[in-house]
Amino acid sequence: MTTPLTARDRAKAERADALLTEAARLFAERGYSGVSLEDIGTAVGVSGPAVYRHFAGKQALLGAVLVKVSEDLVSGGTRVCSEAVTADDRIRALIRFHVDFALGKADVIRVHDRDLAHLSSEDHAEVRRLQREYIDLWIAALAPVHEAPADELRMRVQACFGLINSTPHSTRAASRSKKSTAALLSSMALAALVA
């Protein structure tokens, strides 16, 4: 039996989530090297040293951002796969899920692309393990839809990720409608997977 969270526990969890969100935003904006713990703390209304109550340091904060998003991709991808009835539904659900992720988490994609090298070796290994798990989930979903050798399916999935994940770099939020961008990306991703 788990004990209910106290108001203090909830506040601490909310502060940790706020730190993760602001760290991702600031790392995306300025790069890992251009951000201090003081900057991150200030963004959520605490001092830099107060960040240490939640994370061991800036590198641990970066690790938490990238490990969490990788865990979220695996758990979300697993969920949408389990809810789909047919193989076609499954791959389309994964595409929608990943497009929504890319459009909603552009900061994290930028951080991953630019600052992965700053992770501790343990966090780097965990992010890579989770990425392989997520890719394998897609390969398993794609195999019944498009018959091809496993290495080709892997290449198709990774190319699809490249297409979808490039969107935060190539379009400006002010110049696109999320709905129309999502529809276009989804159709392009499906075409790329089964071409």
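Of the residues making up the range 132-153, those that are more than 22 Å from V69 (Cα to Cα), of a type outside the set (D, E, K, R) and free of Cβ contacts under 8 Å to residues at least 40 places away in the same chain are A143, A148, P149, A150, L153.
Kindly check whether there is at least one residue in the range 65-76 that is open to solvent by 60 Å² or more (accessible area, probe 1.4 Å) and among the aliphatic types (A, V, I, L, M). No. Just one residue in the set R129, R92, R156, R114 is free of Cβ contacts under 8 Å to residues at least 12 places away in the same chain, of a type in the set (K, R) and either out of contact with any helix residue (DSSP H, G or I) (no Cβ under 9 Å at 6 or more places or on another chain) or open to solvent by 20 Å² or more (accessible area, probe 1.4 Å) (or both); that residue is R129.
If you go through the range 20-33 one residue at a time, do you hit one that is open to solvent by 30 Å² or more (accessible area, probe 1.4 Å) and outside any helix (DSSP H, G or I)? No: the range 20-33 contains no residue that is open to solvent by 30 Å² or more (accessible area, probe 1.4 Å) and outside any helix (DSSP H, G or I). With respect to (1) more than 23 Å from E22 (Cβ to Cβ); (2) in contact with a Pro (Cβ under 8 Å, 6 or more places away or on another chain), the lone exception for V145 is condition (2).
State whether one or more residues within the range 35-51 are without any contact (Cβ under 8 Å) to a residue 24 or more places away in the chain, in a helix (DSSP H, G or I) and charged (D, E, K, R). The answer is yes; a qualifying residue exists.
The values are calculated or read from the model by the stated rules, or taken from the named source; none is laboratory data. The model shown is predicted, which means the values in this text are computed figures rather than measured ones. Ideal geometry is used to build each Cβ from the backbone, glycine not excepted, and the neighbour counts take in all protein chains shown. Just so you know, the surface numbers come from the protein's heavy atoms only, side chains and all, with ligands and any DNA or RNA stripped out. Shrake-Rupley method; radii C 1.70, N 1.55, O 1.52, S 1.80 Å.
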